[in-house]
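To keep things clear, I will list the structure first and then write my remarks on it.
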Amino acid sequence: MVAPLWANAAEAAEIVARSGGSIVASAGLSNVIIAQSDNPDFIASLYRSGAWLVLDAVKLRGCLSV
């Protein structure tokens, strides 16, 4: 999940929390967090809560390992 560029780590974590997700890891930038949830509406909820971009970390990891 990518939060707005000006978001700090606490603000990015709040987006995940408001969406009912849990943080799996940070991604090196304060506004990028790897999160998960069993809620089928999680992605839409992240966007409603302020996320700028949501990517599938499993699929992204596969692309980056090539």
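The values are calculated or read from the model by the stated rules, or taken from the named source; none is laboratory data. Just so you know, these numbers come straight off a predicted model, no measurement behind them. Quick reminder, even Gly has a Cβ in these numbers, built from the backbone with ideal geometry, and neighbours come from all protein chains shown. Only protein heavy atoms, including side chains, enter the accessible area calculation; ligands, DNA and RNA are left aside. Shrake-Rupley method; radii C 1.70, N 1.55, O 1.52, S 1.80 Å.
Brief remarks follow.
- Residue list for region 31-66, restricted to those being in a loop (DSSP other than H, G, I, E, B), modelled with pLDDT of 90 or more and either open to solvent by less than 60 Å² (accessible area, probe 1.4 Å) or over 11 Å from M1 (Cα atoms) (or both): N31, S37, D38, N39, P40, D41, G50, A51, V54
- Scanning region 20-40 for residues that are small (G, A, S) and within 10 Å of the chain's Cα centre (by Cα) yields G21, S22, A25, S26, A27, A35.
- Considering only residues in region 1-30 that are touching a Leu at 6+ places or on another chain (Cβ under 6 Å) and in a loop (DSSP other than H, G, I, E, B), the one that is least open to solvent (accessible area, probe 1.4 Å) turns out to be S19.
- When region 19-30 is filtered for residues that are modelled with pLDDT under 90 and at positive phi, only G28 remains.
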